[in-house]
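Some notes on the structure that comes next.
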Amino acid sequence: MIGSEARVVVVGASLAGLRGAESLRRSGFAGPLTIVGAEPHRPYDRPPLSKAVLTGAVAPDATGLPNLVALDADWRLGAPAIGLDRTRRIVTLGGGETIAYDRLLIATGASARAWPNSAEGRLAGVHTLRGRDDAQALRRDLAAGPTQVLVIGGGFIGCEVAAACRDLGLPVTLVETGPALLASVLGAHLGAVVQTLHETRGVTIRCNAKVEALEDDGTGRVRRARLADGSAVPADLVVVALGALRNTGWLAGSGLAFDEGGLDCDAQGYVLDEDEQPDTRIAAAGDVARFPHPLYPGHRIALEHWGHAVAQGEHAGRLLAGCEPARYADVPAFWSSQGGITIKSVGLTKGADGVVIARGDPKEGRFLAVYGQAGRCIAAVSFDCARWLPAYAERIAAGAPFPPDAGGVDAGPLTVFAPGFPEPHGSRPGDAARTGKDER
Amino acid sequence: MPERNFGRSADIPLGMSDNSAPSVTGSSPAPSAAGLRVTVDLNLCQAYAQCCYAAPDHFVLKGREALHYDPAPSTGARADIERARIACPVQAIRVENTGTSRR
């Protein structure tokens with residue numbers, strides 16, 4: 001246990017940072033605790049920002065996260081960290097202030113990938129969605145009644161935004177470069193199910209299509225998108241949903257190993273320097289942390305999952321408080337609600353060479369799919385049948401044989417399909433980390 | 001089912017937030033207005049809907065498994081919210097009372 005003279009700093013005031021700080025206190029740390037946040041807001045919950053906030057059912061500022069433990073912390077909000085000096089053990093904030101640390105938790109999260117043409121990205125009516133202020137601005141534009149919404153990107157955020165537009169009765173087109181919605185996470189086989197769901201609800205979907213340019217009407221407000229095939233899609237509101245980049249730029253010069261795909265960590269959660277040596281004063285957690293997972297060997301992964309931010313934040317808090325180091329090995333899990341359907345996943349689908357429908361039937365809208373790689377189960381995805389999922393999580397954690405046994409006494413042998421991941425899978429910068437959903 | 005708006009008016013203007021800290025650094029955020037904060041771990045949630053019976057004004061199941069909930073109920077709802085928290089078979093509901101000073 002570290003003593004009460006130690007100074008602990010948490011950089012990042014979102015879910016992982018908050019749960020990490022609580023875990024430090026719960027583990028008995030009684031010394032000074034400083035929490036640094038780039039945004040002026042107290043920690044808030046992100047999942048509603050792409051769902052109930054957009055439909056107006058929940059106010060953008062109503063999603064504050066509960067504090068579960070008294071923190072007695074010094075909050076520095078609205079003050080992004082801009083530098084880390086590990087020799088002097090100080091974090092520098094945007095205003096020039098420096099904060100000394102003896103233990104440091106890095107939980108700076110990720111940012112929405114911007115539209116590559118910055119001038120087009122600044123046109124009125126063009127949005128990205130990551131934070132509460134983004135959601136408030138997007139909600140305001142949606143409530144104003146746009147004529148035609150365009151969503152660029154068929155990942156989880158793009159699908160959830162398109163679903164919210166239909167909830168509001170707005171015409172919406174979704175353009176995706178891949179062969180199907182959610183194809184990089186679920187594969188085209190299940191992506192086709194998602195596509196049918198949204199098409200049935202009135203979303204116009206154009207897959208294998210690429211937006212090349214956003215054009216305005218001469219007044220600086222977006223008017224249409226130009227596609228690679230030369231066609232145009234009219235749009236007076238555009239949501240750019242192209243995934244996320246990890247917030248690691250402030251670590252330049254720190255000697256730590258990072259890029260826009262994450263900050264490298266060892267199996268316990270300590271950060272690694274450029275020589276792959278751990279700095280045992282510093283841990284990372286949440287979206288920003290890229291770590292080795294025992295179930296998915298051979299590469300480090302960074303997960304943008306709500307439950308992961310909680311679990312790894314709590315793990316890092318215990319680690320920094322001086323509890324016995326342990327390996328972080330929670331089975332990844334996420335959920336997404338879109339168009340009235342709840343999609344839940346355990347494990348990671350990346351690298352799967354087969355998928356079976358183990359329970360239910362996609363035609364009936366309720367089913368569970370299991371993904372396998374080299375003869376073992378690596379992931380399971382449920383559509384509106386979450387109660388089956390925990391049993392498959394156990395099989396994934398145990399590396400059980402794939403394909404699994406058929407799910408019912410009346411079921412025949414399971415048919416193994418190709419998952420249909422787009423090729424090349426994971427080729428864009430940052431895609432090594434796109435192993436889950438971009439949900440928060 | 002009609003759309004249900006939770007908590008305070010959803011489309012409040014900027015600057016009217018009761019959940020934001022001052023944007024100055026070096027100070028603790030001002031204490032929040034009295035209220036509750038609720039999150040549900042939707043990884044755990046299996047749509048047993050017990051919360052919807054315990055606190056029907058604050059938890060609604062849409063479709064088969066999509067739980068919609070009020071993340072910021074007023075303190076007047078405390079008894080209902082507590083009943084929902086206890087009733088959850090998978091203990092997925094977390095509640096904080098923000099009526100007290102927070103640091």
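The number of residues in segment B:42-82 being within 8 Å of another protein chain (Cβ to nearest Cβ), touching a residue at least 40 places away in the same chain (Cβ under 8 Å) and not in a loop (DSSP other than H, G, I, E, B) comes to 2.
Could you go through segment A:182-204 and let me know if any residue there is within 23 Å of the chain's Cα centre (by Cα), buried (at least 18 other Cβ atoms within 10 Å of the Cβ) and part of a strand (DSSP E or B). There is no residue in segment A:182-204 that is within 23 Å of the chain's Cα centre (by Cα), buried (at least 18 other Cβ atoms within 10 Å of the Cβ) and part of a strand (DSSP E or B).
Could we say that A:ALA13 is of a type in the set (Gly, Ala, Ser), crowded, with 24+ Cβ neighbours inside 10 Å and facing chain B (nearest Cβ under 8 Å) here?
Values: of a type in the set (Gly, Ala, Ser): yes; crowded, with 24+ Cβ neighbours inside 10 Å: yes; facing chain B (nearest Cβ under 8 Å): no.
No; evaluated as a whole, the condition is false for this residue.
Filter segment A:338-356 for residues that are modelled with pLDDT of 95 or more, buried (at least 18 other Cβ atoms within 10 Å of the Cβ) and away from chain B (no Cβ under 14 Å); which is farthest from A:ILE301 (Cα to Cα)? That would be A:VAL356. A:GLY109 meets all of the listed conditions (1) within 20 Å of B:ASP41 (Cα to Cα); (2) at pLDDT 95 or above; (3) within 14 Å of chain B (Cβ to nearest Cβ) but one, namely (3).
Name the residues in segment A:1-54 that are in a loop (DSSP other than H, G, I, E, B), in contact with a helix residue (DSSP H, G or I) (Cβ under 8 Å, 6 or more places away or on another chain) and among the aliphatic types (A, V, I, L, M), would you? Before you say what the answer is, go through the steps one by one.
First pass over segment A:1-54, keeping only residues in a loop (DSSP other than H, G, I, E, B): A:1-7, A:12-14, A:27-32, A:38-40, A:42-43, A:45-46, A:51.
So of that shortlist, the ones also in contact with a helix residue (DSSP H, G or I) (Cβ under 8 Å, 6 or more places away or on another chain) come out as A:1-2, A:12, A:14, A:27-29, A:39, A:43, A:45-46, A:51.
The answer is A:MET1, A:ILE2.
Say whether the condition of being part of a loop (DSSP other than H, G, I, E, B), closer than 27 Å to B:GLN46 by Cα and at pLDDT below 95 is met by at least one residue in segment A:301-320. Before the answer, list the steps.
Taking segment A:301-320 as the starting set, the residues that turn out to be part of a loop (DSSP other than H, G, I, E, B) are A:302-305.
Checking the rest, the ones that are also closer than 27 Å to B:GLN46 by Cα come to A:302-305.
Next, only the ones that are at pLDDT below 95 stay: none.
No: zero hits.
Evaluate the following for A:VAL271: is it among the aliphatic types (A, V, I, L, M), within 14 Å of another protein chain (Cβ to nearest Cβ) and in contact with a Pro (Cβ under 9 Å, 6 or more places away or on another chain)? Against the criterion (among the aliphatic types (A, V, I, L, M), within 14 Å of another protein chain (Cβ to nearest Cβ) and in contact with a Pro (Cβ under 9 Å, 6 or more places away or on another chain)), A:VAL271 does not qualify.
Just wondering, is there one or more residues in segment A:29-40 that are buried (at least 24 other Cβ atoms within 10 Å of the Cβ), more than 14 Å from chain B (Cβ to nearest Cβ) and not charged (D, E, K, R)? Yes; the residues of segment A:29-40 include at least one that is buried (at least 24 other Cβ atoms within 10 Å of the Cβ), more than 14 Å from chain B (Cβ to nearest Cβ) and not charged (D, E, K, R).
From the set of residues in segment A:56-100 that are more than 7 Å from chain B (Cβ to nearest Cβ) and under 30 Å from A:VAL239 (Cα atoms), which is surrounded by the most Cβ atoms within 10 Å (Cβ to Cβ)? If we take residues in segment A:56-100 being more than 7 Å from chain B (Cβ to nearest Cβ) and under 30 Å from A:VAL239 (Cα atoms), then A:PRO60 is surrounded by the most Cβ atoms within 10 Å (Cβ to Cβ). Of all residues in segment A:138-147, at least one satisfies being without any contact (Cβ under 8 Å) to a residue 60 or more places away in the chain, out of contact with any helix residue (DSSP H, G or I) (no Cβ under 6 Å at 6 or more places or on another chain) and among the small types (Gly, Ala, Ser). Filtering A:HIS198, A:HIS189, A:HIS127 for residues that are of a type outside the set (A, V, I, L, M, F, W, C) and farther than 25 Å from A:LYS344 by Cβ leaves a single hit, A:HIS127.
All of (1) more than 29 Å from A:ALA188 (Cα to Cα); (2) in contact with a Phe, Trp or Tyr (Cβ under 8 Å, 6 or more places away or on another chain) hold for A:THR219 with one exception: (2).
Restricting to segment A:326-337, and then to whatever is more than 9 Å from chain B (Cβ to nearest Cβ) and under 15 Å from the mean Cα position of the chain (by Cα), can you tell me which residue is surrounded by the fewest Cβ atoms within 10 Å (Cβ to Cβ)?
Step one: of segment A:326-337, the residues more than 9 Å from chain B (Cβ to nearest Cβ) are A:326-332, A:336.
Now drop any that are not under 15 Å from the mean Cα position of the chain (by Cα), which leaves A:332, A:336.
Values: A:PRO332: 23, A:SER336: 25.
In this case the residue turns out to be A:PRO332.
With respect to A:LEU389, is the statement that it is farther than 19 Å from B:TYR48 by Cα and outside any strand (DSSP E or B) true? Spelling it out, it is not the case that A:LEU389 is farther than 19 Å from B:TYR48 by Cα and outside any strand (DSSP E or B). Reported count of residues in segment A:343-368, each being within 18 Å of A:GLY399 (Cα to Cα) and not in a strand (DSSP E or B), is 6.
A:LYS363 falls short on exactly one of the conditions (1) more than 9 Å from chain B (Cβ to nearest Cβ); (2) in contact with a Lys or Arg (Cβ under 6 Å, 6 or more places away or on another chain); (3) farther than 30 Å from A:TYR270 by Cα, and that condition is (2).
The values are calculated or read from the model by the stated rules, or taken from the named source; none is laboratory data. Bear in mind the structure is a predicted one, so any value in this text is a computation, not a measurement. All Cβ positions, glycine included, derive from the backbone under ideal geometry; neighbour counts span all protein chains shown.
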